[in-house]
Amino acid sequence: MTDPVLTGSLAGLAIVLGLGGGGALLCRACARLRGRPPALPRRDPLTGCLTRTAFTAALADDLRRQAVTVCVLDLDHFESVNDTWGHATGDALLAAVGRCLRERLGSGARITRLGSDAFWVALPGPARQANADRLEAARQAIGAVIPTPELPHVTRSASAGVIHVPAGTDPAEAIRAADLALALAKAQGRDQLEADAEAVHRAAAARARRPGPDGIRAGLDRDEFTYFVQPVRDLSTDRVLGVEALLRWVRPDGRVLTPDQFLGDPALPGTRPIRPPLEMTRALAAMFATLPEPCFTAFNLSGRVLRSADTGARLRALIETVDPARLVFEIVEDAGIEDDPAALPLLRDLRQAGARIALDDFGTGRSNLARLLTLPVDIVKFDRTFTVAATRPRARAILARQIAMAEDLGLDMIAEGLETEAQRALLLDLGLRSGQGYLLGTPAPATDWATRIAADRRPAQAAE
Ligand code: G
Ligand code: MN
């Protein structure tokens, strides 16, 4: 394809002369004859923006001389455009977005497109706030360039991360900071621009403190990851019905880290699922399935875990050795099962075998009524926010309706995050029978809880 916006005299000549690929070849040959390297395209043919090489060179040059506002902008849910409407439509849309950014930001702006739907923008100059305002105006204008009638159901928004850096900053470092700002904008719900340098600074510091992939791998090699469990109890009798397995990293210095401490925000890039060895998972579930009165073990299945290639084989191996009737799989909010062709059949198989599926954090985010339509579910776990809010009449009204609905659907229910006796009384009053939370037991090493539960049960059995 001939690039209509090639700069450089020889390539330009090829276009003027109407020469196609052969012309370009000819010109490259002329350039070699004249002892000059061929002119490289400086612009991306699709969007008219700078090529990445040209952008990087310009940014490095700007940063040698002055302060620069750097922005990483990403179209929200763009993958769905290519999937639904085809790549030609996706390309047209990107071209329109590129044009929009170039027009709005003017000739002083450096703009390049990365891979597919992300753009880097650099605005040289000291005017931090004015630059951020221009970027925000451009970001907001993007929605309007996406042709509405032709493309129904397309998200017309973009997220952006912005950082203002002084002269002398390493260009790669500036981009990294803008990327982090973008991750924050996405984590806060997309369709927004994040330019709070303080917030970016805090996120960068938190990330630096967090062990990286190498540290996590080393921890896995040293068997430092283990399961804690937290009991789920009958709210009236306190009988333990089962336990939820919670992954913990016990560091050599004795500190116990929770997944959000060692993985960070799941919305931030670079997090990956961590799974203890299958044998550990089996041993844990077997421990509780073989207590005097067996109880279930619930495992959390995040989207990342569900989408991992070997998860199906692991879970099928698990139900071969542990009675599936003693297993619960909790689907957490970001699970993205609808987007994964293997996940739904896997859940159906597990259920067919007798395991139960729970919807975790029910009532928040994407863990909602719509999911009951698409997923095979046996249990809903009401999010902690309902337990906390249960003192308020409005929250009680919402909860009462949800409980009635879950009853109609034949679902079991567990209330999460119980911390006070007052909450227990309110929830019992609403008809909830099972719960979990610090009031009923804190997460602790699995053997501690297995010992306690077994001890609680023996006298009761002896009395029978
Ligand atoms: O989303 P999920 O239910 O899987 O979250 C379990 C997490 O909730 C655990 O890490 C546990 O430490 C925490 N948790 C358990 N009980 C309580 C509670 O009563 N209050 C609060 N704030 N957190 C709890
Ligand atoms: Mn859970």
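The values are calculated or read from the model by the stated rules, or taken from the named source; none is laboratory data. As the structure is a prediction and not an experimental result, all values here were calculated from the model. With ideal geometry, Cβ positions are generated from the backbone for all residues, glycine too; neighbour counts draw on all protein chains shown. To get the accessible areas, we keep the full protein, side chains included, count just its heavy atoms, and leave off ligands, DNA and RNA. Shrake-Rupley method; radii C 1.70, N 1.55, O 1.52, S 1.80 Å.
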Item to complete: Out of the residues in the range 373-384 that are at pLDDT below 90 and open to solvent by 40 Å² or more (accessible area, probe 1.4 Å), state the one that is nearest to ligand 1 (Cβ to nearest atom).
Response: Thr374
Item to complete: Determine which member of the set Asp238, Asp214 is at pLDDT below 90 and either assigned by TED's automatic domain parsing to the domain that holds Ala313 or in contact with a Cys (Cβ under 8 Å, 6 or more places away or on another chain) (or both).
Response: Asp214
Fill in: Among (1) more than 16 Å from ligand 2 (Cβ to nearest atom); (2) touching a helix residue (DSSP H, G or I) at 6+ places or on another chain (Cβ under 7 Å); (3) open to solvent by less than 20 Å² (accessible area, probe 1.4 Å), the one test that Gly435 misses
(1)
Fill in: Count - residues of the range 235-261 that are in contact with a Lys or Arg (Cβ under 9 Å, 6 or more places away or on another chain) and away from ligand 1 (no atom under 12 Å from the Cβ)
8
Worksheet item: Which residues, taken from the range 387-415, are open to solvent by less than 80 Å² (accessible area, probe 1.4 Å) and more than 16 Å from ligand 1 (Cβ to nearest atom)?
Response: Ala395, Arg396, Ala397, Leu399, Ala400, Gln402, Ile403, Ala404, Met405, Ala406, Gly410, Leu411
Practice prompt. Identify the residue in the range 416-447 that is among the polar types (S, T, N, Q) and closer than 30 Å to Thr281 by Cα and, among all such residues, is farthest from ligand 1 (Cβ to nearest atom).
Written response: Thr447
Worksheet item: In the range 293-340, which residues are more than 16 Å from ligand 2 (Cβ to nearest atom), of a type in the set (Gly, Ala, Ser) and within 26 Å of the chain's Cα centre (by Cα)?
Response: Ser308, Ala309, Gly312, Ala313, Gly336
Worksheet item: Quick check: is even one residue across the range 245-259 of a type outside the set (Phe, Trp, Tyr), in contact with a Ser or Thr (Cβ under 8 Å, 6 or more places away or on another chain), at pLDDT 95 or above and buried (at least 16 other Cβ atoms within 10 Å of the Cβ)?
Response: yes
Discussion item. With the structure loaded, tell me whether Thr391 is within 16 Å of ligand 2 (Cβ to nearest atom) and of a type in the set (S, T, N, Q) or whether it fails that test.
Written reply: no
Worksheet item: Which of the residues that make up the range 190-240 are open to solvent by 40 Å² or more (accessible area, probe 1.4 Å), more than 27 Å from Thr297 (Cβ to Cβ) and in contact with a Phe, Trp or Tyr (Cβ under 9 Å, 6 or more places away or on another chain)?
Response: Arg210
Discussion item. Tell me yes or no: at least one residue of the range 268-276 is exposed (fewer than 14 other Cβ atoms within 10 Å of the Cβ) and closer than 30 Å to Trp449 by Cα.
Written reply: yes
Response to the item:
Exactly one of Ala160, Ala206 is out of contact with any Pro (no Cβ under 8 Å at 6 or more places or on another chain), outside any strand (DSSP E or B) and away from ligand 1 (no atom under 16 Å from the Cβ), and that one is Ala206
Worksheet item: Somewhere in the range 350-360, is a residue more than 16 Å from ligand 1 (Cβ to nearest atom), open to solvent by 60 Å² or more (accessible area, probe 1.4 Å) and over 27 Å from Ala450 (Cα atoms)?
Response: yes
Worksheet item: Taking interchain pairs and intrachain pairs at least six residues apart, which have beta carbon atoms under 6 angstrom, with the first residue in the range 283-306 and open to solvent by 50 Å² or more (accessible area, probe 1.4 Å) and the second within 13 Å of ligand 2 (Cβ to nearest atom) and part of a loop (DSSP other than H, G, I, E, B)?
Response: Asn300/Val332
Item to complete: Answer yes or no: is there a residue in the range 67-85 that is in contact with a Cys (Cβ under 9 Å, 6 or more places away or on another chain) and not basic (Lys, Arg).
Response: no
Worksheet entry | Yes/no for Asp349 being within 14 Å of ligand 2 (Cβ to nearest atom) and acidic (Asp, Glu) | no
Practice prompt. Could you tell me which of the residues Val16, Val81 is touching a Gly at 6+ places or on another chain (Cβ under 6 Å) and modelled with pLDDT under 90?
Written response: Val81
Discussion item. Out of the residues in the range 438-452 meeting the condition of being of a type outside the set (Lys, Arg) and open to solvent by 40 Å² or more (accessible area, probe 1.4 Å), tell me which one is farthest from ligand 2 (Cβ to nearest atom).
Written reply: Thr451
